[in-house]
Number of protein chains: 2
Amino acid sequence: MSIDPFFTQEERDAVYKVIQARRDIRHFIPNRTIEPKTLAHILRAAHQAPSVGLMQPWRLIHIHDPELRRQLQAEAERERLATADVLNTRRDAFLKLKVEGIGECAELLIMVMAPDDGTVLGRRTLPREMAISSCACAIQNLWLAARAENLGLGWVSFFDPHVVSKLLKCPNTAEPLAILCLGPVVEFPPAPLMTIEGWREGKLLDAILYHDHYGKEPVPPEGC
Amino acid sequence: MSIDPFFTQEERDAVYKVIQARRDIRHFIPNRTIEPKTLAHILRAAHQAPSVGLMQPWRLIHIHDPELRRQLQAEAERERLATADVLNTRRDAFLKLKVEGIGECAELLIMVMAPDDGTVLGRRTLPREMAISSCACAIQNLWLAARAENLGLGWVSFFDPHVVSKLLKCPNTAEPLAILCLGPVVEFPPAPLMTIEGWREGKLLDAILYHDHYGKEPVPPEGC
């Protein structure tokens with residue numbers, strides 16, 4: 001069997017390496033830029049994501065205006081404090097975590113899910129779930145491409161979508177899903193920051209891989 | 001600046017290659033198997049996905065029972081016909097498309113979103129959207145890993161989640177998001193099947209990349 005294009009062991013190793021090395025980054029080197037050609041490659045990777053019925057619901061807004069960046073950062077900070085208030089016993093521990101690098105990252109991109117275009121194929125029963133999934137796959141492609149370019153990406157979800165929607169003059173039914181911080185970093189942590197900072201442990205693969213039927217659900221941690 | 005692990009141009013090329021070569025596959029070679037070691041590598045890649053607050057909401061159910069596979073295929077077929085009925089003028093064209101390979105693929109996996117574990121960090125305002133996104137990122141990792149192994153994957157979303165949930169004995173608040181068909185394929189199409197079959201054209205990247213504010217929304221096609 002000949003498969004075109006074929007992947008060699010070396011190429012396969014690179015794919016597994018980038019999947020393993022990708023991290024959610026909140027610490028960026030300030031005052032840096034990204035080569036326009038590099039950014040174009042990363043954005044093309046995002047646009048090569050799968051989408052149900054080829055609806056491609058992802059819209060990317062590249063933020064250039066420094067004042068708009070400041071407003072987005074202020075919104076993330078407001079939401080960070082609102083989150084602290086509901087974390088009760090872990091409030092202080094949470095406030096010590098750095099959760100976003102909006103002010104320092106080289107480039108800022110906002111992922112917005114487009115207004116529903118009415119695509120039926122493959123999403124008659126799960127229309128919203130499939131549109132969100134397509135946007136998330138585009139972000140994951142963007143993330144892996146960035147990591148392969150030795151750049152970090154952070155997916156910031158600390159915001160009220162209505163506030164961000166208004167700041168970016170989105171149509172009423174469009175939905176911001178992510179503030180994406182992209183740029184050069186000092187280091188890539190060897191494990192997820194949540195684990196390194198002692199916030200939460202990851203699950204073992206065996207604990208969430210079931211056979212024929214849904215198995216025993218892992219016990220959720222408290223106060224996360 | 002030294003970044004660990006660093007990605008070379010060759011590794012970067014492999015990452016871009018897999019992102020570009022990944023396709024939604026519905027045509028599998030029947031009666032094949034996948035090496036357990038290969039499947040383990042692919043599943044580990046899925047489990048290395050990002051998740052908000054490290055909640056890891058993805059649950060993967062590996063289907064071994066042939067009768068269960070038949071029931072899942074029958075559910076996809078029921079939904080395919082239900083979709084045809086709402087596509088009106090494009091009904092006949094739709095019915096000519098092959099939309100799933102559940103019966104032929106080597107391995108069948110179901111992605112189920114776990115019951116909400118109450119994670120607050122990073123999902124106070126978008127709890128459901130962020131959990132779905134994490135599951136989708138895991139599927140995208142799985143998809144790219146499979147392609148690097150020269151295997152095809154098809155994300156089937158033709159099903160009623162309540163029916164699949166019942167078949168797999170999921171908890172009431174768990175939600176099946178994808179029937180994933182995985183296995184050896186005859187070929188990887190050079191473009192999305194939706195385009196090759198003349199169903200729909202993809203958008204240009206420039207049409208969905210905006211600057212500072214949401215731009216002009218592309219005109220949606222009719223009858224998709």
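The values are calculated or read from the model by the stated rules, or taken from the named source; none is laboratory data. It should be emphasised that the depicted structure is a prediction, and the values quoted were computed from it without experimental measurement. Here the Cβ positions follow ideal geometry from the backbone for every residue, glycine too, while neighbour counts run over all protein chains shown.
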**Request:** Filter the strands (runs of 3 or more DSSP E) completely within segment B:132-224 down to those with at least 1 residues that are without any contact (Cβ under 8 Å) to a residue 40 or more places away in the chain, more than 13 Å from the chain's Cα centre (by Cα) and closer than 30 Å to A:R69 by Cβ.
**Result:** B:209-211
**Request:** Of all residues in segment B:83-119, count the ones that are of a type in the set (V, I, T) and part of a helix (DSSP H, G or I).
**Result:** 3
**Request:** Kindly provide the set of residues from segment B:90-107 that are away from every other protein chain (no Cβ under 11 Å) and either closer than 25 Å to B:L142 by Cβ or surrounded by 18 or more Cβ atoms within 10 Å (Cβ to Cβ) (or both), ordered by number.
**Result:** B:K98, B:G101, B:I102, B:G103, B:E104, B:C105, B:A106, B:E107
**Prompt:** Any chance segment A:194-203 includes a residue that's at the interface with chain B (Cβ under 7 Å from one of its Cβ atoms), farther than 21 Å from B:S133 by Cβ, surrounded by fewer than 24 Cβ atoms within 10 Å (Cβ to Cβ) and modelled with pLDDT of 95 or more?
**Reply:** no
**Request:** Considering only residues that are within 26 Å of B:P192 (Cα to Cα), among the β-branched types (V, I, T) and buried (at least 20 other Cβ atoms within 10 Å of the Cβ), look in segment A:14-55 and name the one that is farthest from the other protein chains (Cβ to nearest Cβ).
**Result:** A:I42
**Prompt:** When segment A:61-89 is examined, which residues are found to be touching a residue at least 60 places away in the same chain (Cβ under 8 Å) and at the interface with chain B (Cβ under 7 Å from one of its Cβ atoms)?
**Reply:** A:I61, A:L68, A:E79, A:T83, A:L87
**Message:** Just to check your reading of the model, which residue among B:A40, B:A76, B:A84 is at pLDDT 95 or above and touching a Leu at 6+ places or on another chain (Cβ under 7 Å)?
**Reply:** B:A84
**Asked** Residues of segment B:157-176 being over 15 Å from B:E79 (Cα atoms) and either out of contact with any Pro (no Cβ under 7 Å at 6 or more places or on another chain) or at the interface with chain A (Cβ under 7 Å from one of its Cβ atoms) (or both), which ones?
**Response** B:K166, B:L167, B:L168, B:K169, B:C170, B:P171, B:N172, B:A174
